[in-house]
Amino acid sequence: MARCVIWGTTTISLPDCFYRFMRIEDYKTIAPEDAVQLQRSLRACISITALGREVATVGGADISYNRGSGLMHAAMVVLELPGLRPVAYSLASDETSFPYIPGLLAFREMPALMKAWSQLRAKPDVLMLDGHGLAHPRRMGIATHFGIEADQPTIGCAKNILTGTHGELGVRKGEQADLMDGEEKVGIALRSRTNVNPVYVSPGHRCSFEDAYRIVMQSLTKYKLPRTTRLAHRWANMLRRGEAEPGYTEV
DNA sequence: GCGACAG
DNA sequence: ATCTTGTCGC
């Protein structure tokens, strides 16, 4: 749909690609209908390719906030890949008025995430976000959306399905089943821990399904969630509770 | 029309 | 997302 804007004394309509030039800051006040149009517009920018270089660092990102509040607390961590040792943290808080709407998560969380991202000196080779990548009705989950805006390889790792279905998968850690949206594969249901409900992994941007599976597997320890997610979650909570200060820290 | 619905 | 105690099962 074209969008009409006032330009001087005349009204003109802009094509869909207009939405690609929206600033992240504008997400805070965008209308949900426009947010959906931006996702449709951004879809042409998705790149699902194999991670080029060897992955030496993996990042984790998460958001924490009090229910009913628009103050978002973002945390990003960077871990070395064999070993999962933390090497850097970035913490940032940011206010938004965009609500949580299934399918539009990025518009609520991305401003704060981008703030934390900007502070991060050492960018990870691939960043894992809490939420989906391609496993989204318009293939534009927060991992994909963020990856495009930051021009960064990303992976989505979610605890629940937003769209799609999958068959049974073995109960052992590492077993998987394709997550299908109709005839299209959009992700993987992955058993991240034996006898525990699976997590849902999907490529975000500049990453393949195989890469996504491998990186998530390499980020698992003894818990259901990858260490990336767990650490980011912990730091975001500490920031929210005032137990940690915003800023960038290298370990 | 009805139900589902990341965080 | 967050608020919370105990409890069932490997």
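The values are calculated or read from the model by the stated rules, or taken from the named source; none is laboratory data. Note that the structure is predicted; figures quoted are calculated from it, not measured. Using ideal geometry, Cβ is built from the backbone for each residue, glycine included, and neighbour counts are taken over all protein chains shown. Accessible surface is based on the protein model in full, side chains and every heavy atom, while ligands, DNA and RNA are left aside. Shrake-Rupley method; radii C 1.70, N 1.55, O 1.52, S 1.80 Å.
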Probe radius 1.4 Å, ligands and nucleic acids ignored: give me the carbon and sulfur share of the accessible area of chain A as a rounded percent.
50 percent
Given A:50-59, A:143-152, A:166-175, A:89-98, the highest-first ranking by average Cβ count within 10 Å works out to A:143-152, A:89-98, A:50-59, A:166-175
In Å², what does the accessible area per residue of the stretch A:57-250 work out to with a 1.4 Å probe?
40 Å²
Hey, for a label at A:Asn197 modelled as a point 7 Å past Cα toward Cβ, could you say which residues of the stretch A:216-243 have their backbone N under 15 Å away?
A:224-225
Please give the charge dipole size of the stretch A:109-243, origin at the Cα centre, charges +1 on K and R Cβ atoms and -1 on D and E Cβ atoms. Round to the nearest 20 debye.
760 debye
Which residue fluctuates most in the GNM of chain A (Cα springs below 10 Å): A:Met22, A:Met180, A:Met114?
A:Met22
Cβ-defined net charge surrounding A:His166, 13 Å radius [Lys, Arg +1; Asp, Glu -1]:
-3
Suppose every Lys and Arg Cβ carries +1 and every Asp and Glu Cβ carries -1, with no other charges. What dipole size does chain A come out with about its Cα centre, to the nearest 20 debye?
580 debye
Which residue fluctuates the most in chain A, going by a Gaussian network model with Cα springs under 10 Å, if the choices are A:Ile142, A:Ile155, A:Ile24?
A:Ile24
